[in-house]
Amino acid sequence: MPYQNILVAVDLGATTEAVVQRAASLAGQNSALLHVLHVIEPLAITYGGDIPMDFSAIQEEIQEQAKDQLDRLCAELAVPETNRHLVTGRPESEIPTQAKALNSDLIVVGSHARWGLALLLGSTTDGVMHGADCDVLAVKVDADP
C-alpha cells in the first residue's frame, strides 16, 4: 500500500536539503501529501534551566528566523502553508505527536552517524523511531569519510 501522508522533520541545518528531497521524491512517487515540520527546542530545555535569565525575546527571534527558513524551504517545494508546521518542544517527542495528529503514515528524518557520548545518550532519530505509530525512514545524511 503506498504512503498517503508523509511528514518530513527537518532541523533547517546543512543536511535539510537531502532529507527534504528524499521525502518530496517519495511523496511524488506515491501521490502523497507532504507535510514539513521543524521543532524548536525551548532555550530553557537546551540550557537545562540553569541560567537565571529571561529568554523570551531570544526565543521569539529564533521562532521568527525558523519560520522564515521553513517558509523559504517550503516555497521551493510548493508545500502549501497548511502543510508547514513549526512547534516548540523536544523533537523526539514532538515529531511522533505531530505525525499522529496529521495521520501520517510515514515520518522522514535525517540520521547522523553517532559515536562517543552521543551513542550512549541516543539520538532524535532513535526517539522518533521508538515513539512513532507509523513507519520511519531515516535518511543517512553524513558524507562518507
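For the range 10-35, the set of residues classified as polar (S, T, N, Q), surrounded by 13 or more Cβ atoms within 10 Å (Cβ to Cβ) and more than 16 Å from the chain's Cα centre (by Cα) consists of Asn30 only.
Taking the range 52-84 as the range and being over 16 Å from Ala24 (Cα atoms) and touching a residue at least 12 places away in the same chain (Cβ under 8 Å) as the test, the residues that pass are Phe55, Ile58, Gln59, Ile62, Gln63, Ala66, Lys67, Gln69. Across the range 16-58, the number of residues qualifying as more than 18 Å from Thr82 (Cα to Cα) and either hydrophobic (A, V, I, L, M, F, W, C) or at pLDDT below 85 (or both) comes to 21.
Scanning the range 76-104 for residues that are farther than 26 Å from Met129 by Cα and either modelled with pLDDT of 95 or more or not hydrophobic (A, V, I, L, M, F, W, C) (or both) returns Glu76, Pro80, Glu81.
Mind checking which residues of the range 72-87 are surrounded by 15 or more Cβ atoms within 10 Å (Cβ to Cβ) and either small (Gly, Ala, Ser) or not in a loop (DSSP other than H, G, I, E, B) (or both)? Write out each step before concluding.
To start, the set of residues in the range 72-87 that are surrounded by 15 or more Cβ atoms within 10 Å (Cβ to Cβ) comprises 73-74, 77, 79, 83-86.
Within the range 72-87, Leu73, Cys74, Leu77, Asn83, Arg84, His85, Leu86 meet the criteria.
Scanning the range 1-40 for residues that are closer than 17 Å to Ala78 by Cα and among the charged types (D, E, K, R) returns Glu17, Arg22.
The values are calculated or read from the model by the stated rules, or taken from the named source; none is laboratory data. These figures come from a predicted structure and were not determined experimentally. We place every Cβ from the backbone using ideal geometry, glycine too, and count neighbours over all the protein chains shown.
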